[in-house]
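Notes for the one structure printed next.
Coordinate-derived values only; no laboratory data. What you see is a predicted model, and the numbers here were worked out from it, not measured in a lab. Methodologically, a virtual Cβ is constructed for each residue, glycine included, from the backbone with ideal geometry; neighbour enumeration extends over all protein chains shown.
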Amino acid sequence: DAGVTQSPTHLIKTRGQQVTLRCSPKSGHDTVSWYQQALGQGPQFIFQYYEEEERQRGNFPDRFSGHQFPNYSSELNVNALLLGDSALYLCASSAAGTGDAEQYFGPGTRLTVT
Amino acid sequence: ELKVEQNPLFLSMQEGKNYTIYCNYSTTSDRLYWYRQDPGKSLESLFVLLSNGAVKQEGRLMASLDTKARLSTLHITAAVHDLSATYFCAVESYDMRFGAGTRLTVKP
């Protein structure tokens, strides 16, 4: 049973560029959440997708957007990259539709903005 | 706004010793999670605490939840080097709010 997978593993971008990160949830899970973890800090909630819609959103600007596909996989898009967007981006999946909110985290994508 | 505070933020302990990490949160919630993170790695789920008075144990780690005091503890018994990692508590409210983490180093 594959767990949560994310791609790519590492990414280097230049300020002002745009980036797309991808996440496939654990089998049987229907909900995907995205987090940003800056170095030395705890993860910060970006948003959560369920039934292809953004259900909750944290305190992140509109430059951060997402999408969930019918197969429950998800993308995180960040436009107009800033140096401060450099972080580990974590995807977590859960079976919230069944009432089980426990989240399982993927390995993360390390984004470096230069 | 939900705030989650962990202390201590840094903890250096000798092997064989006991210690407790504390997690305080500011608003009502009945779901609290503990995670472990090794350097450069993702988060590993340790415990899910769903009700007041919940206590869970796994090996040398034991977690408890007091929803009335808005406090969870992670107790380490007879620490070993393999427990060296960063430990996060997270509280579920509107979203999942994480503490800043406790960086634990266990020395021989």
| field | Residue within the stretch A:81-101 that is within 23 Å of residue B:98 (Cβ to Cβ) and in contact with a helix residue (DSSP H, G or I) (Cβ under 9 Å, 6 or more places away or on another chain) present | value | no
| note | Sole miss for residue A:41 among (1) in contact (Cβ under 8 Å) with a residue 12 or more places away in the chain; (2) within 23 Å of residue B:91 (Cβ to Cβ) is condition (1)
| request: Quick one: which strands (runs of 3 or more DSSP E) lie wholly within the stretch A:1-113 and hold at least 3 residues that are surrounded by fewer than 16 Cβ atoms within 10 Å (Cβ to Cβ) and of a type outside the set (A, V, I, L, M)? | output: A:53-57
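Scanning for something over 14 Å from the mean Cα position of the chain (by Cα) and closer than 28 Å to residue A:88 by Cβ, does the stretch B:66-76 turn up at least one residue?
no
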| query | Looking at (1) away from chain B (no Cβ under 14 Å); (2) at negative phi; (3) over 10 Å from the mean Cα position of the chain (by Cα), which is the only condition residue A:52 fails? | reply | (2)
| message | For a quick check of your reading of the model, give me the residue pairs whose first member lies in the stretch B:82-106 and is among the basic types (Lys, Arg), whose second is outside any strand (DSSP E or B), with beta-carbon atoms closer than 8 Å and at least 6 apart or on different chains. | response | B:97/B:2; B:97/B:3; B:103/B:9
